[in-house]
Amino acid sequence: GIENTAFETLGLGRQRSWSPAGSGARVPARIPAHVPARVPPRAPAPSDPDFEEGPCGWGSCTPEALQLCNNPEGYLAVYSLLATFQVFFFFCLVNISISTIEKRYELNSSLTGLISASYDISFCLLSLFVSFFGERGHKPRWLAFSAFMLGLGCLVFCLPHFSAGKYHYGAKPEDTCQAPETMSANITCSASAKSLHHKYLYVFILGQLLLGVGGTPLYTLGTAFIDDSVPKHKSSLYIGIAYAMSLLGPAIGYVAGGQLLNVYIDIHIPERQDIACTKVDQDDPRWLGAWWIGFLACFFAIWLLIIPFSMFPKHLPGTAKIQAEKISETHDDGSEALVQIRNIGKNFKDFPISLLILLRNPVLMCLIIASASEALVTTGFATFLPKFIENQFGKTSSFSATLGGLVLVPGAVLGQVISGVLVSKCKMDLRSIIKFMISTCSVALVLNTVFLFAKCRNEPFAGVSETYNGTGTLRNLTAPCNANCGCLRSVYYPVCGRDRVQYFSPCFAGCKSYLIDSNMTKIYQNCSCIGNLKRENGSEDFLFEALPGKCPTQCRFLPLFLTIFFFAVVFTFMAVTPTTVAILRCVPHKQRSFALGVQLVFLRLLGTIPGPILFGVSIDSSCTLWDIDECATRGACWVYDNERVVYLLMGMSAACKIITIIFVVLAVYFYKPPPPNKAVPPRNAETVSAIH
């Protein structure tokens with residue numbers, strides 16, 4: 001052998017190797033001058049602080065029973081639980097409860113939008129720093145910190161319920177035709193009145209900020225720890241299972257969150273509050289559900305996960321051997337050697353150059369932009385698919401949300417599991433993984449044409465798409481038949497007349513009375529705006545009737561649409577796990593967590609934040625009837641142009657898919673695998689780099 005000062009400088013000279021099995025195998029203290037083209041796999045020295053393999057437990061307390069969990073499967077189970085609760089809380093409980101929170105604390109949509117955005121703000125600000133510093137740290141302890149912050153965020157988020165006092169509901173608004181002076185006496189414009197509950201806005205924002213802090217290590221350090229602990233060909237399978245398990249959160253959230261809203265907000269329903277107020281039920285517009293129970297339950301459940309995460313060692317047993325057997329597939333741009341020789345990543349001063357190395361990696365950036373494009377369209381559909389089904393096929397909002405969940409959640413789970421299994425079983429290398437992504441995105445693009453089968457015409461709507469039996473004008477809900485009813489556009493309660501025309505409310509249909517049948521359903525009568533119906537004997541029926549709800553749609557394409565869209569979701573999510581695996585493989589070994597952090601920041605800035613906004617703006621551009629309250633303030637949209645919505649959604653989805661395919665193709669084009677003399681195990685790369 002020869003003396004090489006590079007070895008002494010980097011601390012590589014005269015190190016011993018050890019076997020996880022305790023065989024005491026040794027390697028020469030000096031490296032021969034004639035280094036072979038491929039250095040044989042070598043486990044790191046036991047003195048290497050980066051590999052502290054140990055038992056499962058706390059300090060000297062390491063019970064034998066806990067060692068059954070000291071493996072990748074045990075970690076995967078705990079990690080999946082934390083990811084499930086995190087998704088369950090943020091994407092489900094918050095989204096389901098947001099309308100209840102608006103009503104209870106008198107917040108408008110812009111303020112609740114600020115609450116939702118607070119999570120992404122803290123996530124983006126901290127993601128890069130946490131993933132940078134946590135790469136060389138104790139990853140399971142970082143996840144214990146993640147569980148602590150997530151639980152704390154849940155607790156803070158539900159605090160306003162306990163400090164705001166009991167909920168007091170007012171008098172129920174009348175929905176039938178009344179004298180104008182009666183309606184105006186009870187309804188006044190209160191736009192200038194400042195809510196006493198606005199102070200709780202800052203509590204909600206604080207809760208979301210804490211949740212963003214807690215969510216940062218989950219999909220960066222947690223995913224990298226899985227990749228550390230399993231062989232390369234199994235990494236995609238484990239990551240796919242973890243991501244698929246996290247998607248159970250929306251399924252649980254939609255079911256549990258919906259059921260919790262059926263419980264009164266203060267648990268006990270007061271019989272009456274004054275002489276005019278009676279007991280409320282779930283069909284009453286004044287009803288508010290117990291939105292806070294789910295947050296409190298998440299607080300206890302997530303904090304229990306701190307215990308198992310704190311037990312895991314810095315590295316699971318056998319990690320050193322697994323790392324020594326892995327062959328690097330890092331994009332050959334010199335970054336691997338630079339990171340190893342200069343030992344980049346140990347100090348904060350390395351942060352700028354570490355970030356620059358990743359930003360200059362064309363393969364990584366192409367994959368990140370492609371995943372951000374996919375995130376834009378998936379978050380857009382996750383937000384607005386229930387509304388699309390509701391308006392396009394005339395279903396109720398609750399049934400539409402159920403259908404949307406039944407399509408999105410199983411499709412996403414199935415797609416991620418299938419792709420993880422295929423990549424694992426076929427033992428795909430990096431180039432094959434990227435080509436696999438191209439095929440799945442192309443199939444999803446073809447299936448995107450399903451929206452052409454969902455093009456249903458709008459049902460007749462009085463004052464919107466047609467006049468009131470020839471009276472009145474289009475886009476005007478008021479007509480001679482209801483001009484003296486004093487109807488409010490802020491009370492949207494659609495009814496379907498016996499003439500198969502939909503009306504904005506019983507008041508706008510001119511209904512002056514109602515009765516309740518044996519099924520406890522209101523039947524409105526004496527409706528002056530509903531056309532006369534002739535009996536078979538030629539006489540007219542003057543008991544004009546209307547039933548609550550929208551008129552049944554004549555569109556029968558819903559089963560076909562849901563079937564094709566389900567497969568579109570499957571193929572869309574078949575690219576998620578391969579994308580994560582490809583990102584982990586195309587960057588230097590010591591920058592994997594940091595690369596995932598960079599990806600998540602771009603996903604937020606280019607995908608999940610603008611996605612719902614762009615979809616919402618596009619859908620609102622097709623609105624034909626807006627909610628106008630007593631203060632003449634425009635609110636939500638009640639009726640959309642169905643055909644325009646179809647073309648907008650299909651166009652945006654197709655555009656995002658094309659962008660994804662273009663950048664994935666560019667990733668294949670730019671990728672340069674390391675030559676054979678550089679394709680060495682990551683733990684051996686430091687030695688070879690020093691020799692070169």
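Things to note:
- Under 18 Å of direct C-alpha separation, and excluding same-chain neighbours fewer than eight residues apart, Lys139 reaches these lysines: Lys314, Lys346, Lys590.
- Entries of Lys166/Lys199; Lys455/Lys657; Lys103/Lys522; Lys232/Lys427 with Cα pairs more than 19 Å apart: Lys455/Lys657; Lys103/Lys522
- Local electrostatic count, Ile434, Cβ distance below 12 Å [Lys/Arg +1, Asp/Glu -1]: +1
- Ordering Tyr202, Tyr493 by accessible surface, largest first, gives Tyr202, Tyr493; the 1.4 Å probe counts only protein heavy atoms, with every chain in place.
- Using R0 = 41 Å, the C-beta based FRET efficiency linking Ile353 and Glu53 works out to 0.85.
- Charge sum, other residues only, whose C-beta stays under 15 Å from Ser354's C-beta, Lys/Arg counted +1 and Asp/Glu -1: +3
- Sequence-separation-based contact order of the range 394-526, relative, with Cα cut under 8 Å and 6+ spacing, percent: 12
- Relative contact order computed over the range 453-535 (Cα-Cα under 8 Å; 6+ residues apart), in percent: 24
- For Phe461, residues with placed amide H under 5 Å, excluding near neighbours: Glu466, Gln502
- Split the accessible area of the range 361-419 by element, probe 1.4 Å, and carbon with sulfur accounts for 75%.
- Relative contact order (percent, whole number), the range 421-478, Cα cutoff 8 Å, 6+ residue spacing: 17
- Averaged over residues, the count of other Cβ atoms within 10 Å places the peptides 433-441, 579-587 in the sequence 579-587, 433-441, highest first.
The values are calculated or read from the model by the stated rules, or taken from the named source; none is laboratory data. The structure displayed is predicted, hence computed values, not measured ones. Glycine also receives a Cβ, built like all others from the backbone with ideal geometry; neighbour counts cover every protein chain displayed. To get the accessible areas, we keep the full protein, side chains included, count just its heavy atoms, and leave off ligands, DNA and RNA. Shrake-Rupley method; radii C 1.70, N 1.55, O 1.52, S 1.80 Å.
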